[in-house]
Amino acid sequence: MPALLLLLPALAACSTGPSLENRGQVTAPPGDSRHLTIGSAGFTESDLLAQMYALLLNQAGYRTTLLTVANRELYEPALESGQIDVVPEYAATFADWLNAKTHGTDAPPAGSPDLGATMR
């Protein structure tokens, strides 16, 4: 546990890489399943989680690139296009955002405390 406590401040101080807004190309050719781009929403918790994802994936033999993305309106299409492979996100919040995008802002919430229900 003490090692983890020392690691967390070091990770929080790390930069998460260039922002999507300043980057015009995909970081790896399509089909390069050993190189993953991890997005971060640019706030401390998201940056920290992105760094943790990168560390774990690097230890598992993947090459990773970190990319800061300002908001869901930018990283959702980047996920679909392959510019980003993964972004730490809250399942219920993202489900509600996607639901509102698809069905309008008056759509009933899709997110739930039940992860299975949220994913459906």
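Each reported figure results from applying straightforward, stated rules to the coordinates on display, with no laboratory input. What you see is a predicted model, and the numbers here were worked out from it, not measured in a lab. All Cβ positions, even for glycine, are placed from backbone atoms using ideal geometry, and neighbour counts span all protein chains on display.
Per-peptide packing, taken as the mean over residues of other Cβ atoms within 10 Å, places 38-50, 62-74 in the sequence 38-50, 62-74 from highest down. The length gained by stretching the chain between Asp114 and Phe43 to full extension, at 0.36 nm per residue less their Cα-Cα distance, is 23.0 nm.
Placing +1 on the Cβ of every Lys and Arg and -1 on the Cβ of every Asp and Glu, with no other charges, gives the range 42-116 a dipole of roughly 220 debye about its Cα centre. Note on Met52 and Thr102: their simple-model spin labels are 2.8 nm apart, each label 7 Å out from Cα toward Cβ.
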